[in-house]
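Enquirer: One structure, as structure tokens, below. Some questions next.
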Amino acid sequence: MENKLSRVGRKIPASPIQRLSRLAQKCKAVDLSEGFPDFPAPEEFKQAAVSAINSDFNQYRHVQGMCDLVAAKMKEMLPMEVNPLTDVAICCGQSGAFAAAIFAIIDPGDEVILFDPSYETYETCIKLAGGVSVYMHLEQPHWTLNQDQFEKSFTEKTKALVLNSPHNPTGKVFTMDELEIIAGACRKRDVLVVTDEVYESLTYNGVPHISLASLPEMQRRTIITSSLSKTFSVTGWRVGWAIAPPSIASAIQNIHSKLNDSAPAPFQEAALVALASPPAYFHALKRDYTSRRDTLFKTLTEIGFNTQFKPQGSTFIFAQLPETCPLSDIEFVEELIKQAGVVAVPGCGFFHGENPSSDHYSRRYIRFAFCKSHETLAAAGAKLLKLVDSETGRFRLFR
């Protein structure tokens, strides 16, 4: 029946993250691959969801109060004026918001610039819309933006740009200087920007999250996408949003409603509690995640990973295999599962395009998730350290 598949259906592969997670389950490995917490969501959020279900908020539903809180949050954080009646579309997670945004603005043949390495979902949505992904490679080891190369990535076909900051998989937070370069290029060429700001509350060591939309003249050309998932530890609730100029926000909502009707009603109601969390919640979140990051980063450094770049945000460490390691990223992860009982994600799935530098590095990175319980991180650390040779002090997989 393969010949019955569409062109896109034939070309979109299964996610390597999902495949390795299944292998990890089979081997009962400690899972540091997928970007979701293995610890409980805050009790007050769960109770709000239970209360909403018991109150029979179980049908299709648009909760305007969510839009009001999202708008208020943007004004407080950026600050940026957002009209909750016209500028906010509630969607099924950030992924649903991002997909609807791409479908709302991209026609076949339109080019979309992405920063590489890049989360795989972006390219899939662009491909489904008939667009063409154009990759701009960030420079190792600190994943910096090369302005000259960036300017050259634009053509007369460029319609939009995707910006993910804090960044998956590297943990980079784009600096104000870099954002000014991006904003200037988009203003000059009248290019739209779709941002993924799902890690907006997860930045560390005083590094600020700055939304591109807050820069001069950028709100009217920026579509912000985000969700409850990472900040409130509820990745399975699938409640997110897009913030955009009224005509675009309306198109996003219309497209999303045709595909998904609405985000889950009881979880929209529970979002009213989550989004109203006091500042103390967000301060504690940063402290806790900083501790998790530091714990895993220390272990990876001790066993010999090249860790020149310490994540400034997100929930991931993108660690480079040392030159002494003869294994590719995929081979390394498979051996890590078998020998250490720990699973991570090979970096090759995040690299794209034709670039000599990218080709060299694409099989030398491993992504580890630290959005795990302290017990899970301690267990993973103990398993990894067991593979350190007592005589040579070297990690056995690095040889």
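The values are calculated or read from the model by the stated rules, or taken from the named source; none is laboratory data. Small disclaimer: the values here were computed from a predicted structure and weren't measured. As a convention, Cβ positions derive from the backbone with ideal geometry for all residues, glycine included, and neighbour counts pool all protein chains shown. These accessible areas exclude ligands, DNA and RNA; they are computed on the full protein's heavy atoms, side chains included. Shrake-Rupley method; radii C 1.70, N 1.55, O 1.52, S 1.80 Å.
Enquirer: Mind listing whichever residues of the stretch 187-208 are more than 14 Å from the chain's Cα centre (by Cα), closer than 22 Å to Ala101 by Cβ and not basic (Lys, Arg)?
Expert: Once the filter is applied, which keeps residues that are more than 14 Å from the chain's Cα centre (by Cα), closer than 22 Å to Ala101 by Cβ and not basic (Lys, Arg), the stretch 187-208 yields Asp190, Val191, Leu192, Val193.
Enquirer: A follow-up question, please. Report, by residue number, each residue of the stretch 51-78 that is of a type in the set (D, E, K, R) and either within 20 Å of Gln253 (Cα to Cα) or at pLDDT below 95 (or both).
Expert: Listed by number, the residues that qualify are Arg61, Asp68, Lys73, Lys75, Glu76.
Enquirer: Continuing with this model, one more query. Determine which single condition Phe115 fails, assuming it passes every other condition in (1) of a type in the set (Phe, Trp, Tyr); (2) over 27 Å from Ala263 (Cβ atoms); (3) assigned to a helix (DSSP H, G or I).
Expert: Unmet for Phe115, out of (1) of a type in the set (Phe, Trp, Tyr); (2) over 27 Å from Ala263 (Cβ atoms); (3) assigned to a helix (DSSP H, G or I): (3).
Enquirer: Under 8 Å between Cβ atoms, at least 6 apart or on separate chains: pull out the pairs that start in the stretch 120-145 with a residue that is within 26 Å of Pro322 (Cβ to Cβ) and end on any residue that is among the basic types (Lys, Arg).
Expert: From the stretch 120-145, the pairs are Leu138/Lys172; His142/Lys172; Trp143/Lys172.
Enquirer: Now for a separate question. Lys172: among the charged types (D, E, K, R) and part of a strand (DSSP E or B), yes or no?
Expert: no
Enquirer: Looking at the stretch 2-21, which of the residues that are over 27 Å from the mean Cα position of the chain (by Cα) and at pLDDT 80 or above is nearest to Lys127 (Cα to Cα)?
Expert: Ranking the qualifying residues of the stretch 2-21, first place goes to Ser6.
Enquirer: Can you find a residue that is among the acidic types (Asp, Glu) and either touching a strand residue (DSSP E or B) at 6+ places or on another chain (Cβ under 7 Å) or closer than 30 Å to Val333 by Cβ (or both) anywhere in the stretch 62-69?
Expert: no
Enquirer: Taking into account only those residues within the stretch 46-68 that are open to solvent by 50 Å² or more (accessible area, probe 1.4 Å) and not in a loop (DSSP other than H, G, I, E, B), which is farthest from Arg220 (Cα to Cα)?
Expert: Asn54
Enquirer: Among the residues of the stretch 307-317, is there at least one that is at pLDDT below 95 and in contact with a Pro (Cβ under 6 Å, 6 or more places away or on another chain)?
Expert: yes
Enquirer: Determine whether Gln320 is touching a helix residue (DSSP H, G or I) at 6+ places or on another chain (Cβ under 9 Å) and closer than 30 Å to Val50 by Cα.
Expert: When the stated conditions are applied, Gln320 does not pass them.
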